[in-house]
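**Q** After the structure tokens below, expect a handful of questions from me.
The values are calculated or read from the model by the stated rules, or taken from the named source; none is laboratory data. Computed from a predicted structure; not experimentally measured. As a convention, Cβ positions derive from the backbone with ideal geometry for all residues, glycine included, and neighbour counts pool all protein chains shown. In case anyone asks, the SASA skips ligands and DNA or RNA and just uses the protein heavy atoms, side chains included. Shrake-Rupley method; radii C 1.70, N 1.55, O 1.52, S 1.80 Å.
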Amino acid sequence: MNILMIEDNESVCEMIEMFFLKEEWEATFVHNGKKGLDTYLNNQNKYDLVVLDIMLPEMDGMTICKEIRKYSTQIPIIMLTAKDTESDEVIGLEIGADDYVTKPFSPLTLVARIKSLKRRANAQTHSTELEDSLYEVETEHLKLDRNTREVLLYDTLLEGLTPKEFDLLYTLANSPRRVFSREQLLQMVWDYEYFGDERTVDAHIKKLRQKLVQNGPQVIHTVWGVGYKFDDTGAIE
């Protein structure tokens, strides 16, 4: 795995580099926001994942995340946020980050988050082709194929989903009308415990809904006090 880490604290980078080397991961460390974005844009096929601090010289992490998402919706992005900055975490997830780690953090926590994202990416990349149908999930108005990451909603291709948005839609649509709690979605989609941090699910659901409704009536519904469900059997806004 080859990782781009944009973080202005050089001591943190030196410490993280030791853990990356232990995992036999290659990494590029950039300490300036604008240079970090340029590094990614000039080597888009090189990196498998981006670790991105929010507070950076010249260009902040939020802006970098938005710019990266203009070029790729697939590369996983982990944002580093300061302690107790709930708004930064939610905004970061809404603009396309797949995960966040709160500072101060253990290097082992960051490594675990990276491994989680990598496991899911590998499972999607190496999944076998389906013999019976091109689409793994077919409901009344939605067709979804995990091999090609293609989603048809109301007979129109749905574009621009981030990896986590796709995984979230797949999980919900694979069990239509089943209600999932936020805790269940955290475990099933993110592949590890978030210790009750439900803002992650809510932020991704909000962004996913904004993209889904461009194709037609909303298909992800809130079940108040419980969680969320996928239901496209009626034209329910």
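**Q** What is the projected area of the convex hull of the Cα atoms of the chain, averaged over all directions, in nm²? Mind showing how you got there, number by number?
**A** Working: hull surface 52.0 nm².
Average projection, Cα convex hull of the chain: 13.0 nm².
**Q** Return the single residue from 14, 136, 183 with maximal mean-square fluctuation; model: Gaussian network over the chain, springs between Cα atoms under 10 Å.
**A** Greatest mean-square fluctuation among the candidates belongs to 14.
**Q** Pop a pseudo-label 7 angstrom from the Cα along the beta-carbon direction at both residue 45 and residue 147 and give the gap in nm to one decimal.
**A** 2.4
**Q** While we're here: Solvent-accessible area per residue for the chain at a 1.4 Å probe radius, Å²? Write out the running numbers ahead of the final one.
**A** Values: 11640 Å² over 237 residues.
Per-residue value: 49 Å².
**Q** Separate question: Counting only protein heavy atoms and a 1.4 Å probe, tell me what percentage of the stretch 2-123's accessible area is made up of carbon and sulfur.
**A** Numbers: 2840 of 5750 Å².
C and S atoms contribute 49 percent here.
**Q** Applying the Karplus parametrisation 6.51 cos²θ - 1.76 cosθ + 1.60 with θ = phi - 60° to the phi angles of the stretch 67-80, what ³J(HN,Hα) value in whole Hz is obtained for each residue in order, glycine and proline being reported as x?
**A** In residue order, the calculated couplings are 5, 4, 5, 5, 9, 8, 9, 9, 5, x, 10, 10, 9, 9 Hz.
**Q** Something else: Name the most mobile residue of 164, 35, 207, meaning the one with the largest mean-square fluctuation, in a Gaussian network model of the chain with Cα contacts below 10 Å.
**A** 35
**Q** I've got another one for you. For the pair residue 71 and residue 35, how long in nm is the line joining their label points, each one 7 Å along Cα→Cβ?
**A** For residue 71 paired with residue 35, the spin-label model returns 1.7 nm.
**Q** Over the chain, what is the relative contact order in percent, taking alpha-carbon pairs closer than 8 angstrom and at least six residues apart? Don't jump to the answer; show the numbers that get you there.
**A** Details: 363 pairs, mean separation 33.1, N = 237.
Rounded, it is 14 percent for the chain.
**Q** Grab the Cα-Cα distance for residue 138 and residue 199, subtract it from 0.36 nm times how many residues apart they are, and report the gain in nm with one decimal.
**A** Working: separation 61, 0.36 × 61 = 21.96 nm, distance 2.89 nm.
Gain on stretching residue 138 to residue 199: 19.1 nm.
**Q** For residue 23 and residue 188, what is the calculated FRET efficiency with R₀ set at 25 Å and r taken between the beta-carbons, to the nearest 0.05? Don't jump to the answer; show the numbers that get you there.
**A** Values: r = 25 Å, r/R0 = 1.00.
In this case the efficiency is close to 0.50.
**Q** While we're here: By the gyration tensor of its Cα atoms, with a ≥ b ≥ c the square roots of the eigenvalues, what is the shape of the stretch 137-230: rounded for a/c under 1.5, prolate for a/b over b/c, or oblate? Intermediate values should be presented prior to the final figure.
**A** Working: a/c = 1.75, a/b = 1.52, b/c = 1.15.
Prolate.
**Q** Also, I was wondering about something else. Quick one: angle between helix 10-22 and the longest Cα principal axis of the chain, in degrees between 0 and 90, rounded to 10, please.
**A** So the helix axis and the longest Cα principal axis differ by about 70 degrees.
**Q** When you have a sec, figure out the Kirkwood radius of the stretch 2-123 from all distinct Cα pair distances and drop it here in Å to one decimal? Walk me through the intermediate numbers first.
**A** Working: mean 1/r = 0.0705 Å⁻¹.
Answer for the stretch 2-123: a Kirkwood hydrodynamic radius of 14.2 Å.
**Q** Write down the percent of antiparallel bridges among all DSSP beta bridges whose residues are both part of the chain, to the nearest 5.
**A** In the chain, approximately 45 percent of DSSP beta bridges are antiparallel ones.
**Q** Among 215, 45, 147, whose mean-square fluctuation peaks in a Gaussian network model of the chain (Cα, cutoff 10 Å)?
**A** Its mean-square fluctuation being the largest, the pick is 45.
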